[in-house]
1. Quick one: if you stick a label point 7 Å off each Cα along the C-beta vector at Asp466 and Arg148, how many nm between them?
2. Rg and Dmax in Å for the range 220-376, alpha carbons only: what are they?
3. Which peptide among 466-475, 82-91, 355-364, 244-253 comes first, and what is the full order, when sorted by highest mean count of other Cβ atoms within 10 Å?
4. For the range 528-536, just list the computed ³J(HN,Hα) in residue order, Karplus coefficients 6.51, -1.76 and 1.60, θ = phi - 60°, integers in Hz, with x standing in for Gly and Pro.
5. Go ahead and run the numbers for FRET between Ala106 and Val167, Cβ-Cβ distance against an R0 of 35 Å, rounding to 0.05.
6. Calculate the spin-label point distance for Thr337 paired with Asp420, positioning each point 7 Å from the Cα along the beta-carbon direction, and give it in nanometres.
7. With +1 assigned to the C-beta of every Lys and Arg and -1 to the C-beta of every Asp and Glu, and no other charges, what is the dipole magnitude of the range 454-594 about the Cα centre in debye, to the nearest 20?
8. Which order do the peptides 154-166, 546-558 come out in when sorted by mean C-beta neighbours inside 10 angstrom, highest first?
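The values are calculated or read from the model by the stated rules, or taken from the named source; none is laboratory data. If you're wondering where the values come from, they're calculated on a predicted model, not measured in any experiment. FYI the Cβ positions are ideal-geometry reconstructions off the backbone, even for glycines, and counts take in every protein chain you see. In case anyone asks, the SASA skips ligands and DNA or RNA and just uses the protein heavy atoms, side chains included. Shrake-Rupley method; radii C 1.70, N 1.55, O 1.52, S 1.80 Å.
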Amino acid sequence: MAQNSGKSKTKKASTAKLRLRVGLALMLTLLLVVGGKLFLVQGLDVGGMAEAGINKRLTPVELPAERGKIIDSNGTVLASSVIRYDIVADQRVNTNTPEFGRYNSATEQADTISREQGIKDLASALGTDTAALTTALTGDKPYVVLAREVKPDLEDAISKLSIPGVVSKAISKRVYPNGSVAGGIVGFLQDGSTGQAGIEQTQDEALRGTPGKRVFEIGADGLRIPVATDELTPAVDGKDVKLTLNTDLQYFAQQAIQTQVNNLNAQWGSIVVMDAKTGNIIVMADTNAPDPNNPGGVAAEDRGVRSVTAAYEPGSVEKMITAAAAIEEGKSSPLDTFTIPPAYTIDGETFTDAFDHGTEKRTLAGILGWSMNTGTVMVGSRLSKQQRYDWLKKFGIGEAPDIGLPSEAKGILAKPEQWDNRQQYTVLFGQGVSQSTLQTVRAYQSVANDGVMLQPRLIDSYITADGEEEKVPAKESRRIVSKETAKKVRDILESNVTEGQIKEAAVDGYRVGAKTGTSQAPREDGLPGFDGYTASMVAMAPMDNPRFIVEVVVQRPKGNIYGITNGPVLRSVLGQSLRTYNVPPSTGSPARFPQFAK
C-alpha cells in the first residue's frame, strides 16, 4: 500500500509540472504574439494604424481671412468688414451647473453665483426676457443661438459674466458706412460672403483673401492635447480696392440728378464726371441708387450702374463725332458754309429740324450750335457709309468701356451693310445707334485730351494687408484725331455756349464747351415705335486746358421735351468739380465761331 501511494504522488507531481510548463509556454507564446503585434503597430506600423489613430484625433479649424475694404480716391471707406459675435450656448452644460464662480475685481476673488442669478444677469445684458432665456438654456441641445451679431463691447460684458456653457462665436460682417452713395458701384454680398454686384462681385477674388488653417489633436475626453500636433497656416487677408471716385462729389451729383428726375417725373437719370487728363472716373451717379446694407430696398433694375449698363440712342451729342470725322477727313472746317433749306432730302429721305426756319446759310459751327439735323446730314453725307461706321467705331461706339463692373453695355452699332436707307444718315445725329453714358463721355474725352483717347479708369489700385499699394496700370491710349482737329472741335463746342443755344451751360470764371442731345426712347414692351425721350447734355471745362467732362442724362421725362433742360444740373456739378479740385479759372478769350455765314 505504501509503495502504491508513493507512486501515485510521484505521478501527480509530474502531471503538475507538465501543466505548469504548458501554461508557461502558452503565456510566453501569447506574450510573444502581443509583443510582436505591438512592435508592428508602434514600431514598424506596417498597416499605418498609428498614423490613422493620429489622423482620427486631428481637428482642422479654418481661420477666416478678413475681406478687404473698398475705398475712394481719398481713402474714404465705402465698404469694410467688422467683427461681430453670435452668442451661443450648450444647454447640457448650463442645465447641469446649479452654481458657478465669477471673478470679482473688487475683492479679487471668485463669487459663487447661482444658475438663476446668472441667467438673470445674461438676460439683462442681452435685453431679453429672463423666462425665455431660461427656456433657451434648458435641455440637452449642444448648440443654441441666443443672440446674433452683437458688438464687441457687449460680447466682452457677456464674457465677464462667466455663464457656464455660454460662449461667443466671432463672425465677420460687411458694412457700408456711406449707404447709397456709390451703392450700385460698390455692390453687395450674397449670404454675407460672396460678391453679388458691383465691385464686390468683379473684385471678389482680390477682396476675399485666402483662409488659413490650424490643425491640432483632440483627446478622447474632447480636450486639446497640449504637447501634440499644432500646425498653423496663417490666413492671408484680402486686398483693399481703391477707386478713382470722389465720395463727396458722388454724393453731390446723386442728390442733383435725383432732384432733377423727381422734378421731371422721369424714369431715371445719371451723371458721369471724368478727368480728361487721366481717364479717371470721378463721379458715376445714378438715381434710386441701392444701399448695399439693404439692397432689397430698391427695385432689381436699380441695383446696377445705369451709367454703364443702359444703352440708349444718344441723339445730337453724336454730332460732335460727325464734325470731328469731317474735319479730320478734310471734308469740312468749322467755318465751312452750308445752304440749308427748311427740309433736306437725300436718297429719298427727308430730314427736318426741331425748330422752324427758312433757307439759311450756316457754318459748320452754326449747325452744331443750333443742333441742326439737316445740316449734319449734309456734312456727314460727304463721308462714305464705311467712313461713317469707321469713325463711330474709332470713337469707341460699340465697344464696352471695361472698367471692372458687371454687365457693361457695348451698345449697338450695326455694320454699314446692315443700315437701311434712312439709318445710314440718322447715325450721323445719334439715332439708329445706341451707347451708354460712359461711352459718350469717353468719346468727348478724346477731344478734350488733344485727340488722344484714354480708357476710363474706375479701379485705381490694390492695397495689400501690409500696406503695399499695387497701382493698376492705365490701358494703352490711342489717338483718335489730330491735335489740330481736336482743337477745332473744342472751339466749335465752346462756340455752342458763347454763340449758340447752350448758354445755360456756362460756369462763372471758366470757359465751357457743350452739346445737347435729344432722342426718342424705344418702347419698353418691345413693340415697334417709341414711348418717350432721352434728354442729355455733355460739357467740358476749362476750354483753355480741359480738365473735366460731365454728362447729364434723363430718361423719359414728362412734359414738353423741348422745354426740358439739364443745363442747371450740369452747371452745378461741373462747377463743383472744378472748385473741389482747385482748377484755376480760365484765361484768354473764348472761341466765338459765327453761327451764320454771310
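1. The modelled label-to-label distance comes out at 3.8 nm.
2. 27.8, 100
3. Per-residue Cβ counts within 10 Å, averaged per peptide and sorted highest first, yield 244-253, 82-91, 355-364, 466-475.
4. x, x, 10, 9, x, 10, 10, 10, 9
5. Efficiency, rounded to the nearest 0.05: 0.85.
6. 3.8 nm
7. For this selection, approximately 560 debye.
8. The densest-packed peptide leads the list: 546-558, 154-166.
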